[in-house]
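Enquirer: This is the structure I want to talk about, given as structure tokens.
Readers should treat all values here as calculations from the given coordinates under stated rules, not as data from a laboratory. All of these numbers come straight from a predicted model, not from anything done at the bench. Counting neighbours? That spans all protein chains shown, and the Cβs are built from the backbone with ideal geometry, glycine included.
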Amino acid sequence: MQVSPLASLPFFLLFLSPSLLSPHSPHRSSLIALRSSPPVPFLNTPLLPMAEKTYPGDGIQVRYGPRRCIHFAACVRGLPGVFDPDRRPWIVPAGADADAVARVVTRCPTGALHYERTDGGPGETTPAVNTVRVAMDGPLYVRGDVTVETPEGFVVLEDTRVALCRCGRSSRKPFCDNSHRSTDDSEGFIDAGSLGTCTPKEAEGEGTALRVELRPNGPLLFRGPITITGADGNQVTTAKVSLCRCGASANKPFCDGSHRNVGFEAPTPEAAPVPPA
Ligand code: SF4
Ligand code: FES
């Protein structure tokens, strides 16, 4: 008899620590968790935290998730004595005072870096305003009270920073993996990052949370107050918007339905093979 993977789910959830599920858990940012009890047909990937490594220091510890890093190097430029990709370990938090390490960690635009203070210092805060920055030839850099989820209600990520693919080429969708860059074999993704046309939607409630729904083989549907800034500096504030993640829209960064014409395919994270860290 074939046993559905879902059959063991309730038992697995029983063994999830309540502290892990807490919104204040240090693992909150990387937990793939079940938000509700949605009618999901199958679930291939167990509900496990994404691979992260912790680097202890003086008064602060830094967590690093290599699968979210796109080598943007804001960390290396900010504190080369702490973040040195040519050294092992490459992160040595004791190389600077805890406040400075915390400041640079929060500059990481992808959420690959996080920290916990062990000296009672202030922890990471959630930005008061949700923002998306459209990078020229690059991803969408999202900051705020962000939840990325599937249409069925699976929470893929809760975080304050994340880089989302908008070229359609990432092998780690919905996250950017640098596939927008040109290589010897392929031309890079080219888009000025300026804002196309968008009709702003009014907020329906008082909530400030931002939910990003991964539409099947389609756009990223943002619900919640958000300010989008193009690479040209233009801005739009809206409470609901679909942003292109296939790279084909003629009205970037907004979806214009072109994903249907180009046959865009984006497997949900639960069904996708997990690449090695
Ligand atoms: S700032 Fe973040 S994304 Fe950039 S190299 Fe450092 S860890 Fe990676
Ligand atoms: S996702 Fe690219 S046009 Fe809709």
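Enquirer: Cα centroids of the range 230-261 and the range 66-119: how far apart, whole angstrom?
Expert: 31 Å
Enquirer: Would you mind calculating the relative contact order of the range 53-117 from Cα pairs under 8 angstrom and at least 6 residues apart, reporting the percent as a whole number?
Expert: 44 percent
Enquirer: Please give the peptides 142-154, 248-260, 76-88 ranked by average Cβ packing (other Cβ atoms within 10 Å per residue), highest first, as a rough proxy for protection.
Expert: On the way: 142-154: 20.4, 248-260: 18.0, 76-88: 14.8.
With the highest mean Cβ count within 10 Å placed first, the list reads 142-154, 248-260, 76-88.
Enquirer: Nothing charged except the Cβ atoms of Lys and Arg (+1) and of Asp and Glu (-1): what's the magnitude of the dipole of the range 120-253 about its Cα centre? Round to the nearest 20 debye. All intermediate terms of the calculation are to be shown ahead of the outcome.
Expert: Details: 15 positive and 17 negative charges, 36 e Å.
With only Lys, Arg, Asp and Glu charged at Cβ, the dipole is about 180 debye.
Enquirer: If you don't mind, there's one more thing I want to ask. Residue-wise, which Karplus ³J(HN,Hα) couplings in Hz belong to the range 137-154, taking 6.51 cos²θ - 1.76 cosθ + 1.60, θ = phi - 60°, and x for glycine or proline?
Expert: Couplings: 6, x, x, 9, 9, 10, 10, x, 8, 9, 10, 9, 9, 8, x, 7, x, 6 Hz.
Enquirer: Next up: With a point put 7 Å past each Cα toward its Cβ, work out how far M136 is from S171 in nm, to one decimal.
Expert: 2.9 nm
Enquirer: Now for a separate question. Label-point separation (nm) for N234 and A51, each offset 7 Å from Cα along Cα-to-Cβ?
Expert: Distance between label points: 4.2 nm.
Enquirer: Could you work out Rg/(2.2 N^0.38 Å) for the range 53-117, with Rg from alpha carbons only?
Expert: Numbers: Rg = 10.1 Å, N = 65, 2.2 N^0.38 = 10.7 Å.
Taking N as the residue count of the range 53-117, the ratio is 0.94.
Enquirer: Here is a further query. Please list, or write none, the lysines whose alpha carbon is within less than 16 Å of the alpha carbon of K240, excluding same-chain residues fewer than 8 places away.
Expert: K201, K252
Enquirer: Give, in nm to one decimal, the length gained when the segment between R260 and A100 is fully stretched (0.36 nm per residue of separation minus the Cα-Cα distance). It would help to have the intermediate numbers written out before the result.
Expert: Details: separation 160, 0.36 × 160 = 57.60 nm, distance 4.65 nm.
Going from the current span to full extension adds 52.9 nm.
Enquirer: Across the range 245-260, in residue order, what do the Karplus-derived ³J(HN,Hα) couplings come to in whole Hz, using 6.51 cos²θ - 1.76 cosθ + 1.60 with θ = phi - 60° and x for Gly and Pro?
Expert: 10, 9, x, 9, 4, 8, 10, 4, x, 8, 6, 10, x, 5, 4, 5
Enquirer: Amide H neighbours of C255 under 5 Å, counting only residues 5+ apart in sequence or on other chains, H built in-plane at 1.01 Å?
Expert: Amide H neighbours of C255: S242, L243, C244.
Enquirer: Which net charge results for the neighbourhood of G95, defined as the other residues with beta-carbon distances under 12 angstrom from its beta-carbon, given Lys and Arg at +1 and Asp and Glu at -1? Walk me through the numbers before you get to the answer.
Expert: Details: positive: R87; negative: D58, D84, D97.
Charge balance in the 12 Å sphere: -2.
Enquirer: Less than 9 Å Cβ to Cβ from A239, Lys/Arg counted +1 and Asp/Glu -1: what total charge do the surrounding residues give? Numbers along the way, then the final one.
Expert: Numbers: positive: K201, R223, K240; negative: E202, E204.
Once all neighbours under 9 Å are counted, the net charge is +1.
Enquirer: Which is farthest toward the positive dipole end of the range 53-117 among Y55, P66, A102, measuring Cα position about the Cα centre, with Cβ charges +1 (Lys, Arg) and -1 (Asp, Glu)?
Expert: In the range 53-117, that residue is P66.
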